[in-house]
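J.: There's a structure below that I have some questions on.
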Amino acid sequence: MQTTIPYGKYLKQTAQRAPLVHCITNFVTVNDCANMILACGARPVMAHQEGEAEDITEGSQSLLLNMGTVSQVESMILAGRRSNRLGHPVILDPVGVGASRLRRETFQRLCGEIHPDVIRGNVSEIRYIATGHSDAAGVDVCGAEQITEENAGEVAAMAKALSRKMDCVIAVSGPLDVVAYRERAVLLRGGHPLMARVTGTGCMSAALMGAFLGASPEERFEAAAAAAGMMKVCGTLAYAKTAKAEGGTMTFRLQLIDTASLLSPERLEEQVREEVLS
């Protein structure tokens, strides 16, 4: 389909440039994040220790910080500061930001000492950051907070305003995805509800953003949107394969990464479903 962003271009550049993505992420999804980065042609390095965080990020092209288990915060700050000085893109995944004082304070500290280039979260997490409250406290997304066709414009307006406030790309994931930067926003359709029953699909989307921005740091909004679009396409295609195999959630998880490893730039362009939001 015709799109405003050349989605396939960013997948192709990622495979060609094979950026090294430094990930300081949570132990629940670390393996899936690494494999998703490998699947799109980039290279992951999972270096969590303070003693090497700055050295590893020095040789990387992007940095992914994931608050899922609220650990290694000092390493995140060391790596984030170095990435900022080097001009490397920083992707922050504020998992469960509104769920506890520790998570709130960790997010505030990270954003006080590091400038993220992308903040990616579900709508409850992004709403909490934007407004200070959320029906789900930023843990999971309750039905009233899902992105729907009816409220997508409101979510986009919230994401744009937060983007202007924090001077970074805001990526909101859910049944529909919204990616915004200042006055620009796109809505991405696709995926499958089964994605919500496999832990870490949001983390994997952030990992793809780390890969795409590492390869295309000068086009951060477009690269982030392309990564979100690829995750949607992978979810759609992975479910079709899972249904054919009469599989369940573990089959779907396998097919999700498998699909990413086989997806061509041309097929990504054909399958992505984008709408520009004014």
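The values are calculated or read from the model by the stated rules, or taken from the named source; none is laboratory data. All values derive from a computational prediction rather than experimental measurement. Ideal geometry is used to build each Cβ from the backbone, glycine not excepted, and the neighbour counts take in all protein chains shown. Accessible surface areas use protein heavy atoms only, side chains included; no ligands, DNA or RNA. Shrake-Rupley method; radii C 1.70, N 1.55, O 1.52, S 1.80 Å.
J.: Within region 251-278, can you find the residues that are among the aliphatic types (A, V, I, L, M) and touching a residue at least 40 places away in the same chain (Cβ under 8 Å)?
T.: If the condition is that a residue be among the aliphatic types (A, V, I, L, M) and touching a residue at least 40 places away in the same chain (Cβ under 8 Å), then LEU256, ILE257, ALA260, LEU263, LEU268, VAL272, VAL276, LEU277 are the ones that fit.
J.: Scan (1) open to solvent by 20 Å² or more (accessible area, probe 1.4 Å); (2) within 23 Å of GLU145 (Cβ to Cβ); (3) part of a loop (DSSP other than H, G, I, E, B); (4) modelled with pLDDT of 95 or more for the single condition PRO116 breaks and write down its number.
T.: Status for PRO116: all satisfied but (1).
J.: Is there a residue in region 68-88 that is surrounded by fewer than 22 Cβ atoms within 10 Å (Cβ to Cβ), among the β-branched types (Val, Ile, Thr) and assigned to a loop (DSSP other than H, G, I, E, B)?
T.: yes
J.: Kindly evaluate ALA224 against the criterion of being modelled with pLDDT of 95 or more and touching an Asp or Glu at 6+ places or on another chain (Cβ under 9 Å). Can you show your working first?
T.: Working: modelled with pLDDT of 95 or more: yes; touching an Asp or Glu at 6+ places or on another chain (Cβ under 9 Å): yes.
Yes, satisfied.
J.: With respect to ALA144, is the statement that it is in a helix (DSSP H, G or I) and modelled with pLDDT under 95 true?
T.: Working: in a helix (DSSP H, G or I): yes; modelled with pLDDT under 95: yes.
In short, yes.
J.: Separate question: When only residues in region 89-107 that are surrounded by fewer than 21 Cβ atoms within 10 Å (Cβ to Cβ) and of a type in the set (A, V, I, L, M) count, which is farthest from GLU125 (Cα to Cα)?
T.: Filtering region 89-107 for residues that are surrounded by fewer than 21 Cβ atoms within 10 Å (Cβ to Cβ) and of a type in the set (A, V, I, L, M), the one farthest from GLU125 (Cα to Cα) comes out as LEU102.
J.: Tell me the helices (runs of 4 or more DSSP H) entirely within region 162-278 that contain at least 3 residues that are open to solvent by 20 Å² or more (accessible area, probe 1.4 Å) and under 19 Å from ALA34 (Cβ atoms).
T.: Helices (runs of 4 or more DSSP H) meeting the threshold: 249-262.
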